[in-house]
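Please treat every number below as a calculation from the coordinates, not as lab data. No experiment lies behind these values; they were computed from the predicted model shown. As a convention, Cβ positions derive from the backbone with ideal geometry for all residues, glycine included, and neighbour counts pool all protein chains shown.
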Amino acid sequence: MVKKVFLLATFLLGMAAAFAQEKPITGKVVDETGAPLPGATVKIKGTDKAVVTDVNGTYSITAATGSTLVFSYVGYTTQEIAVGESNVIDVSMAPEVTEMSEVVVIGYGVQKKSLVTGSISKIKSDELVAQPSSRLEQSLQGKTAGVVFNKTSGNPGAGITVRIRGVSSNGNADPLFIIDGMKTTKYVFNEINPNDIESVEVLKDAASAAIYGSEGANGVIIVTTKSGKSSKGKVNVTYDGYYGWQQADYVHSMSADQYREYFSEAYAYDRMYGNLAGGLTKLRGIATQMNAANVPLWSSADDSLAVLYQDPASLYTYMKQKADEALSNGTITNTQYSNWALNKNVPLSFEQYKSQFFWAPKTLEAGYAFRKYIDTTYSGTDWMDAIFSTAPMQSHTVSAQTGNEAANLYLSASYFTQDGVVGLERNNFSRYTFKLNGDVQANKWMKLGANVNVAHSEQRNIPVNDLYDGVISAAMSQDPTMPVVWNDTSEIWNYLRRVGQYPTTAAKRQEYLNGLIKTDDGKWYSNSAMPVNERFNPLAKIKLSENDKATTERALGAVYAEIKPVDFLSYRTSYSAEISYVTNDNWGDKYNVNSTRFREHSYVYKGMARYFNYQIDNVVSFEKNFNGHEIGIMAGQSVQKYLGYSVWGQRINLQEPNADWAFLDAVPESSDSVYVYNRTNGGFKDILTQMGYFGRLTYNYNERYMFNATLRRDGVSKFSPENRFGYFPSFSAGWNVHNEKFFNVPAISQLKIRGSWGRNGSHASADPWQWISTKTASILGGTKTIITGVVKNPNLHWETSEQIDGGFDLGLFRNSLTLSVDVYSKRTKDLLAKPIKAVWTDEVPYYNVGRIDNNGIEMELTYAQRESEIKYTVKFSGTYQTNEVKEFNAAKLGGYSAHGAPAEETAFEVGQPVWYFRGYKALGVFQNWEEIRNYTYTDPETGKKTLIQPDAVPGDVKIADVGGRLDPKTGKPTLPDGKIDANDFTKLGKPMPTFLLGLNFDCAYKGFDFSMFWYAELDKEIYNNILRNDFLHLNRPEYFYTERWTPSNHTNDWFRARYQDATNGSTQIGFNSFFFEDGSFLRLKNVQLGYTLPASISQRFQISKLRIYVGATNLVTITKYKGSDPEIGITGDVNSYGVDRGMYPAAKTFTVGMNLSF
């Protein structure tokens, strides 16, 4: 044993000695251009041993295998390289990018960040890829102040609502998106791989965006993709990939037991307070007869309220006592006494009424016929649990880049796929991309370049975010006493017998089976006989949508030439183009689930659209320094043309209902009238031409005083020749105080004060051809077309935005602590809208009708510690923003209106935020009859006192009486009138948050790295519009049960169990402030832990870097919102911002990934 230990110790000591043995290491240190760096320090980490490079940048040092060499040089980023098997280590040093020297893209050029006088935020590639996502916008969320990125849905491939500095339009307020110099739309981002992005600049103020003229009013997002870098011809290959699992937190609906209990209570309330025997309404009618027949139950109107507004048992006891007294003293006759039939109207207790729910005779149904469909014994189905699953997602990107003095090249290919947490593979988004970016220095004065991004994506769709046909809204409202599937026909016939709908003949039974939707394994999705219309079995809905697929093939690219005859003068010409083909395919067999949801014929649909967009830019730039006076002059011209068209067709009666026969030309022609009616075709054609001339003057003196001015003359074919062109100027100035000779504060590394003013435009909200009626029109570029059926408005022009911005940038302690603050005021006028007016004989044209003001404060605070062994960065961003409609010169704009609502729940009105929320203001819940009796209105003219909510009972919502009577000062019905109706709709909130907060933290220790990102939106509301008032017998979210008011649980947080709903009454269920909820939230958007293998190990396998990591997104959400997801954007039209109609929630994701470089 001792011998073995001795031998093992000898072996280990020998190994240690081998690793510790020093050997000579030589090499060369060069800069980013390949030029030698004399005087660079080469040090063995953890020791005092060091050498410096000679005049040729070469060095020689002895070091042990496994030790680490540290290369440093003033102004360059320090590098650490482990000593491996090789005796030669060459190093290319990269310039240290500081706050002072960093370059940002400013539109048709770049500028040192220290000289920028506008409000521009830059997000680098390492910040973007830290959060696994399918779309670039998701990675940008919270990374910069003043910008909101909200998902329209958690559906794979769903879009993002982006708003820069608030909402600047009643219509399309999307910013302008630019990719590698080409103007495009947000839809392109579904086909862009986030790993291909080098940086993103967000131009927030008008001065920065004015160079884009008529398209910059809502801000600009500039995306620069990766390009090849000089590497002395060496090819660097990287792989980035991850595999993940998704899970969603969803709102639970009532269980089977809760559902039965809830509607038993609702039935009991309606019986107690209704017009059936023993009900309060019935007793009130008898009491009125008695009072008029010499049986005085009350002596005044006030007394009548005290008598009539009490619980049925107390009222009955009082009436019976008075009737018996009147009969005994001869005041009334036996006939009168018998006519009142008090003995037949004895009210039962609440619990007695509840117990009658499932067995009361049909004469007592009172609208509760649906109860016969409820299974009283079935344990129940959790329908929300049935539709949600754990779903996979994965991403893989391989890229290669190389470069030298003559040429640079970047190549990448990627694959991404994501199944939905609802529907799994039937709700999938998949994408393939290929990226090429290259340039070549043709000679000393000419550089040529090209880039192209090719993508193919497929999206399988299911109906979401829909109050009617949505899968989630259907699951939320499904009868929990029904099973998901019927396993055999005996289960089907037993159910139909129980509900009284059993088909009496074999033919009818077969017809019923043929109408059902089958599962993949041949079973049948259950189909409730209860009236549900669109909200049938949600799994069957998913099955019906499985053939609905959208395919997009997109190519986006550019070629350019840059000529530089002298150092201070350059000319760049470029041609950019985007071509997209979008194909929509769908087919299905016939089915019949109920009287409103059926398809009598199998069908096939095919739609194809082609979009082509090209852009030509020519830019001349002059830059020269005259003894500290640096002057830059840029002038350019741009033209852009867009052409889109589509064709589509539909046919019915497939030869066989399967994918092999689901083609338009595979359907046989027929003269049958039904076939001819459903044989539909269509399409569109759209043309847009834009051109502009622009220029920019930049000046700085010794990087102390800066001044910028831009001017753009833009034209767009949407408007008449008289209003087609406009001018968009801007001015900005800055002062780098820290560069002044008198400024000597060692702690302050940077202090810049800046201000700007600019004017931008936007035509995004306008449709083409609104300035002409039916005629032949000539547009920019000479193309002619014919437009029909449009009412003309030749005075139409774009929306115009003017913005003032002031701010400062502060850097402390060698810029380890930086602070940027901006204050802005933005005014957008000449809003484009189709206002609603009393009478229109034709389609409504657009008008310029109003003004919106946005004001705000933005702050970005960063602290970086990079000198200690533990390196970390903390970045906080905060935004305060408000918006208000200041002018509106039209009758009305149509807002969002829920089903059965007496008025619209979103509105666009002067003095209010854009598309603010309206509804009944809930003052709480009536706890007892005394509160109802005391809630009165006194007519100021007659002095008459009336109940404001005469049809309320304890447990109902108390609604504020805020309008209905004309205010003599304003002429508007804004004074109380003693009744609850549409005039009482009042402001209940706004969809846009007032405060945006983001906190990024990342740290590194040796090979480990950790990062997390928190994001918050505060002071906003969400309209939880999940309830349909026309189908109140359907299931509801669980909190309707758990938080409800009951006779033994008097709460002000929620109302009693309800079924019957008087749509025009004072106690409507779904349109009060209980449903307009606080949507503020704090969310842990991303957390990640990684480990990078030491270079001394990875280089043995010819690997330059190997990092593995685990991460999670949307891991924690803190909110008061009862709905599925508080992070909600536009879920329909622009007037539905923040309306939750069964929101598809953002999923939590858990990922395992790897970054590998060769």
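For this structure, a couple of remarks:
- Separation between Cα centres of the stretch 368-390 and the stretch 869-885, rounded to whole Å: 46 Å
- Estimated purely from DSSP H runs of n ≥ 4, each contributing -39500 (n - 2.57), the mean residue ellipticity at 222 nm for the chain is -4000 deg cm²/dmol once divided by its residues.
- With both labels modelled 7 Å from their Cα along Cα-to-Cβ, the ASN678 to THR62 distance reads 9.0 nm.
- Set of lysines with alpha-carbon distance to LYS979 below 16 Å, sequence-local pairs under 8 removed: LYS921, LYS944, LYS945, LYS958
- Each Cα pair under 8 Å and six or more residues apart adds its separation to the average, and for the chain the resulting relative contact order is 11 percent.
- Residue-by-residue Karplus 3J(HN,Hα) for the stretch 145-162, coefficients 6.51, -1.76, 1.60, Hz, glycine and proline x: 6, x, 10, 10, 10, 10, 6, 7, 5, x, 4, x, x, 5, x, 10, 8, 10
- Span-like helix ranges in the chain, DSSP H, alpha carbon extent 15 angstrom or more, Kyte mean at least 1.6: 2-20
- Rounded to the nearest whole Hz, the Karplus-based 3J(HN,Hα) values (6.51 cos²θ - 1.76 cosθ + 1.60, θ = phi - 60°) of the stretch 615-620 follow the sequence 9, 10, 10, 10, 9, 10, with x at glycine and proline.
- If only the Cβ of Lys and Arg carry +1 and only the Cβ of Asp and Glu carry -1, the dipole of the stretch 918-989 around its Cα centre is close to 280 debye.
- Only one residue of TRP648, PRO668, ALA635 has its Cα farthest out toward the positive end of the dipole of the stretch 631-713, where Lys and Arg carry +1 and Asp and Glu -1 on Cβ, and that residue is ALA635.
- Pairs from LYS641/LYS718; LYS1085/LYS1120; LYS204/LYS834; LYS444/LYS624 whose Cα-Cα separation, in the structure shown, is over 21 Å: LYS204/LYS834
- Amide H contacts under 5 Å for SER749: GLY811, LEU812, PHE813, ARG814, ASN815, restricted to partners 5 or more places along the chain or on a different chain, H placed in the peptide plane at 1.01 Å from N.
- Links that overshoot a 29 Å alpha carbon limit, given the list LYS447/LYS1105; LYS45/LYS232; LYS549/LYS792: LYS447/LYS1105; LYS549/LYS792
- Spatial offset of the stretch 322-359 relative to the stretch 28-87 amounts to 103 Å, using the alpha carbon center of each.
- Given R0 = 35 Å, the distance between the Cβ atoms of ASP665 and ASP520 translates into a calculated FRET efficiency of 0.75.
- GLY274 long-range amide H proximity, modeled H, under 5 Å: LEU280, THR281
- Charge sum, other residues only, whose C-beta stays under 10 Å from LEU988's C-beta, Lys/Arg counted +1 and Asp/Glu -1: +1
- Taking other residues whose beta carbon is less than 12 angstrom from the beta carbon of ILE517, and scoring Lys, Arg as +1 and Asp, Glu as -1, yields +4.
- Cβ-placed point charges (K, R +1; D, E -1), dipole of the chain about Cα centre in debye, nearest 20: 1060 debye
- Summarising the amide proton neighbourhood of TYR896: residues at separation of 5 or more, or on other chains, whose placed amide H is nearer than 5 Å comprise GLU905, THR906.
- Options (i) 1.12; (ii) 1.22; (iii) 1.05 - which one matches Cα Rg over 2.2 N^0.38 Å as calculated here: (i)
- In a reduced charge model with +1 at each Lys and Arg Cβ and -1 at each Asp and Glu Cβ, the stretch 1101-1158 shows a dipole moment near 280 debye about its Cα centre.
- Ordering of 21-27, 505-511, 202-208, 813-819 by packing [mean C-beta count within 10 Å, highest first]: 202-208, 813-819, 21-27, 505-511
- Scalar couplings 3J(HN,Hα) for the stretch 1026-1040, obtained by applying the Karplus form with A = 6.51, B = -1.76, C = 1.60 to θ = phi - 60°, are 7, 8, 9, 6, 8, 9, 7, 8, 7, 5, 9, x, 4, 5, 4 Hz; x denotes Gly and Pro.
- Counting DSSP beta bridges with both ends in the chain, the antiparallel % (nearest 5): 95 percent
- Oblate is the label for the stretch 918-989. Its Cα gyration tensor axes, ordered a ≥ b ≥ c, give a/c of at least 1.5 and b/c at or above a/b.
- From the alpha carbon centroid of the stretch 432-473 to that of the stretch 553-631 is 9 Å.
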